[in-house]
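Here the structure comes first, spelled out in structure tokens, and everything after it is commentary.
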């Protein structure tokens, strides 16, 4: 399973991200990522955002695996509670990314 995470915006407008692959992660960490993806229900969540709210962080998640590819976006005000543990895991592994001009 591959998971691509991108966090943009917020007060400072910074960009962070992580590209994780369960085939290259340590075994326990890869298993944890799979569990978090499965328990998040991301495959059934529709993308949503508050729209127009300033200074919110926006999150983009892409999950590629046996069940196909799922792409979804959320912002701070619309993150479903069941997605929070996965976001926490991904935020801990995210690193700064350059902003596109």
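Out of the strands (runs of 3 or more DSSP E) lying entirely within region 11-101, which hold 1 or more residues that are modelled with pLDDT of 95 or more and farther than 19 Å from residue 1 by Cα?
No strands (runs of 3 or more DSSP E) qualify here.
Could you list, ordered by first residue, the pairs with Cβ atoms under 6 Å in which the first is in region 58-74 and without any contact (Cβ under 8 Å) to a residue 12 or more places away in the chain and at positive phi and the second is outside any strand (DSSP E or B) and surrounded by fewer than 17 Cβ atoms within 10 Å (Cβ to Cβ), at least 6 apart or interchain?
none
The values are calculated or read from the model by the stated rules, or taken from the named source; none is laboratory data. Bear in mind the structure is a predicted one, so any value in this text is a computation, not a measurement. Backbone-built Cβ (ideal geometry, glycine too); neighbour counts: all protein chains shown.
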